[in-house]
């Protein structure tokens with residue numbers, strides 16, 4: 001009996017460690033590649049997406065936002081990460097609020113501009129151009 005418990009405990013250690021290691025970030029290879037290309041950390045890029053999602057959540061109706069959120073698995077985690085990193089406290093109400101969030105995350109204005117264009121393009125490609133247009137309009 002003790003041996004069985006020990007074997008189960010040993011088998012669960014890698015699982016527990018992997019959950020702990022990934023608790024702070026959201027795995028998304030496209031966002032990671034974008035981060036690298038712009039000189040951002042993966043966490044900055046994920047929080048940047050979270051800030052953009054928060055703005056679209058504020059500016060769009062529930063059905064429209066749901067179309068955008070479906071492009072990003074666990075979109076609420078992106079928003080929570082951005083908030084936890086101090087990008088915003090409550091709402092991101094407009095484009096100046098989004099720019100402020102990017103600034104707090106350490107984006108340069110040039111990085112923010114390129115980042116927004118890439119993320120918007122990704123939404124258009126992953127969903128469809130109409131959803132991409134919804135997202136782009138919400139960023140204005």
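Here, each number is a calculation from the coordinates, and none is a lab measurement. Just so it is clear, the model here is predicted, and its values are computed rather than measured. Using ideal geometry, Cβ is built from the backbone for each residue, glycine included, and neighbour counts are taken over all protein chains shown.
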Distance between the stretch 31-73 and the stretch 76-95 - C-alpha centres, whole angstrom: 10 Å
Ordering of 47-57, 86-96, 101-111 by packing [mean C-beta count within 10 Å, highest first]: 47-57, 101-111, 86-96
Over the stretch 29-138, relative contact order from alpha-carbon pairs under 8 Å, at least 6 apart, %: 30 percent
